[in-house]
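Below is one structure, written out as structure tokens; the observations come after it.
The values are calculated or read from the model by the stated rules, or taken from the named source; none is laboratory data. Predicted model only: the values in this text are computed from it and were never measured. A quick note on method: Cβ atoms are made from the backbone with ideal geometry, for glycine too, and the neighbour counts reach across all protein chains shown.
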Ligand SMILES: [Zn+2]
């Protein structure tokens, strides 16, 4: 266990006696990742600037002879306004076009800040918004609860380090305004595979690139050799599955889209989040590695599926090769390889893992009662859970607590053990979304 015990232990509010939170190597690594999204405007090529860290997502500006093209707009109108103020120090030309790389709110919510007297063209993929469509149609709302857990919105600032590829923000606390209404919806669409457009004196190519979402596109600006990847690239292992719950993301198509980007000879790569990658060789290397990593997850998972392995077995079977796993831009700060494996299985085969014992499993309570009986009674089970927690066998402690909670959902001891186990699990976890989720559920259990 990689622990550096700091003289001043960070004691988390609400953590029961005995479970102090120590600053660990994992915590420090995630903290260091914040240097990837400190506020700055980066010049990536002649007439091309990127605002990093002003909002969770990057916002870019290309200056043409007659106007500006803005790529993505940040999360809120406040963020967008601060960014536009920065861009206005560089150019006073009118915004002629806004391009959304995809429909996620952290890339579209600030759009209203970039509108001028004249309405710009607003470009997006023709599938724009396709991820949220089925949720709305199906009446689903619970992804909001999980999304808040993943983002850590309910955590106090000292528990929220960052979001892995973005600074921690509390959208509701600031009373933020998000773009809505007709003036910020897309007016122009990319229908086919690619399309060249010329707007404001800027020639760019829009290329369909299914990956993080089905409505993803990337932007190629040949005059400056700049590639704007949207969320198919940022400096972290990619979020092949978001634990807030997402419709299936195709790891096969994501790797293909990265291949298309790697084939372009760009000298600057602007991801949807984190600092840009600069230099022809670096861009090539990064995109090749990124594609290889996603492709490896896909291919190795399929190989394992064809051997009859279940998702729980596959996450052990599929291990990213050392030379990729060690890359700075493939660390699991945001996405995690295990989740990519599980989502690839799910994409092809759905929920059934192939084991007939799992076709009609015992309900949680019925199973837990039998486990308690095996252990020598519920009191023995509780004792085992306590021992596991004391021995830092935290995942097991959480699973034993789940059995106790299945027997009695109001079991205060079990809630305490699970909350403490989840809190302790964060000490070796560099993944920001998993940490936020653990800590938020721990708080829910303690309330
Ligand atoms: Zn994003």
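Numbers below:
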item: Residue in region 70-77 that is closer than 19 Å to residue 204 by Cβ, more than 15 Å from the ligand (Cβ to nearest atom) and either buried (at least 24 other Cβ atoms within 10 Å of the Cβ) or assigned by TED's automatic domain parsing to the domain that holds residue 247 (or both) present; result: yes
item: Among (1) more than 16 Å from the ligand (Cβ to nearest atom); (2) assigned to a loop (DSSP other than H, G, I, E, B); (3) within 18 Å of residue 182 (Cα to Cα), the one test that residue 112 misses; result: (2)
item: All positions within region 206-228 that are modelled with pLDDT of 95 or more and within 11 Å of the ligand (Cβ to nearest atom); result: 216
item: Residue in region 86-104 that is more than 20 Å from residue 187 (Cβ to Cβ) and within 16 Å of the ligand (Cβ to nearest atom) present; result: no
item: Residues within region 41-62 that are free of Cβ contacts under 8 Å to residues at least 60 places away in the same chain and part of a strand (DSSP E or B), tallied; result: 6
item: Some residue of region 244-257 being crowded, with 21+ Cβ neighbours inside 10 Å, under 18 Å from residue 57 (Cα atoms) and out of contact with any helix residue (DSSP H, G or I) (no Cβ under 8 Å at 6 or more places or on another chain); result: no
item: Residue in region 289-306 that is closer than 30 Å to residue 38 by Cα, part of a strand (DSSP E or B) and at pLDDT 95 or above present; result: no
item: In region 163-175, residue modelled with the highest pLDDT [restricted to those that are within 16 Å of the ligand (Cβ to nearest atom) and surrounded by fewer than 22 Cβ atoms within 10 Å (Cβ to Cβ)]; result: 167
item: Residue check for residue 362: over 32 Å from the mean Cα position of the chain (by Cα) and either in the same structural domain as residue 246 (by TED's automatic domain parsing) or not in a helix (DSSP H, G or I) (or both); result: yes
item: Spans of strands (runs of 3 or more DSSP E) in region 166-276 with at least 2 residues without any contact (Cβ under 8 Å) to a residue 12 or more places away in the chain; result: 194-199
item: Any chance residue 154 is surrounded by 15 or more Cβ atoms within 10 Å (Cβ to Cβ), away from the ligand (no atom under 16 Å from the Cβ) and outside the structural domain of residue 435 (by TED's automatic domain parsing); result: yes
item: The one condition in (1) within 15 Å of the ligand (Cβ to nearest atom); (2) within 23 Å of residue 278 (Cα to Cα) that residue 64 fails to fulfil; result: (1)
item: Matching residues in region 100-109 - criterion: being part of a helix (DSSP H, G or I) and touching a strand residue (DSSP E or B) at 6+ places or on another chain (Cβ under 8 Å); result: 107
item: Considering residues of region 115-129 that are within 16 Å of the ligand (Cβ to nearest atom) and either outside the structural domain of residue 187 (by TED's automatic domain parsing) or assigned to a loop (DSSP other than H, G, I, E, B) (or both) only, the residue surrounded by the most Cβ atoms within 10 Å (Cβ to Cβ); result: 128
item: All positions within region 275-305 that are within 16 Å of the ligand (Cβ to nearest atom) and in contact with a strand residue (DSSP E or B) (Cβ under 7 Å, 6 or more places away or on another chain); result: 275, 276
